[in-house]
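I have placed the structure first, in the form of structure tokens, so that the comments after it can refer back to it.
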Amino acid sequence: MKLTKEELLFINRTLTSHPTEQQRPSDNIPKQVQQTSAEIKKLLASISSHSQFCIVAKNDNEHVEFPLTNLSSLIDLLEHNVEAPSILEATQAGSARSWRTCPSTPVRLRVSSQYMPFNIVSISQSGGLLNTFPFKASAIQANLARRIAKLYLGDPIPLLAKINSIKVITPLELAISFTMDKVDNSRLKAFILHNYIQRKGFDKT
């Protein structure tokens, strides 16, 4: 995000300001706190007009990102049902990727009537690992690329996923990446959140 001129001046002034010997810090602190508070509010108001906030919770090697439309939606996050978080895991390279789960309920992907639905071995918000049995992965790779697939999450109404890339992992497994519209993506995020809670044992009493 590109900072405005006013934001750059505020940051520069904050980093370079030092009290002089003539100043009495104890007298100056309340005024500085008030000024800083006012400027932070002004900065947040400016940023919030063209940005989206999120709360990032770090848990071991995983990040859970809760999307916020604006600052006031923090209260909605705590009090009402809102959009499910994006769950990420850190890699050895230091980057983050979508958390993958082995579904606790069967998940299947269907590309066309030519093939029976394939089982999903693991799934994330942006892709999955496909079991291609009884076909060899390399034999059907080309037929799956750049297709619109139907993703069934144990529900008769499928999600529509556009397959963007596909890679052979083992003789009977394909790794696919996909994208979907916001509504279907929200359903997938909720499904992954449910599996995450089950895997972590958060729902145990």
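What number comes out for the charge environment of S186, summing +1 per Lys or Arg and -1 per Asp or Glu over other residues with Cβ under 15 Å away?
Numbers: positive: K182, R187, K189; negative: E65, E83, D155, D181, D184.
Neighbourhood net charge equals -2.
Exactly which trypsin sites (Lys or Arg not before Pro) in the range 122-205 are in a DSSP loop and have at most 11 other Cβ atoms within 10 Å? Don't skip to the end; give the middle numbers.
Working: sites: K136, R146, R147, K150, K162, K167, K182, R187, K189, R199, K200, K204; in loops: K136, R146, R147, K204.
Sparse-neighbourhood loop trypsin sites (Lys or Arg not before Pro): R146, K204.
Determine the share of the range 140-205's accessible area contributed by carbon and sulfur atoms, expressed in whole percent, with a 1.4 angstrom probe. Walk me through the numbers on the way to the answer.
Values: 2270 of 3930 Å².
C and S fraction of accessible area: 58 percent.
Multiply the residue gap between Q52 and A145 by 0.36 nm, knock off their C-alpha separation, and tell me the result in nm, one decimal place.
Numbers: separation 93, 0.36 × 93 = 33.48 nm, distance 3.29 nm.
Taking Q52 through A145 to full extension adds about 30.2 nm, to one decimal.
The values are calculated or read from the model by the stated rules, or taken from the named source; none is laboratory data. In this text, all values refer to a predicted model and were calculated from it rather than measured experimentally. A quick note on method: Cβ atoms are made from the backbone with ideal geometry, for glycine too, and the neighbour counts reach across all protein chains shown. Calculation scope for accessible area: heavy atoms of the full protein, side chains included, ligands and nucleic acids excluded. Shrake-Rupley method; radii C 1.70, N 1.55, O 1.52, S 1.80 Å.
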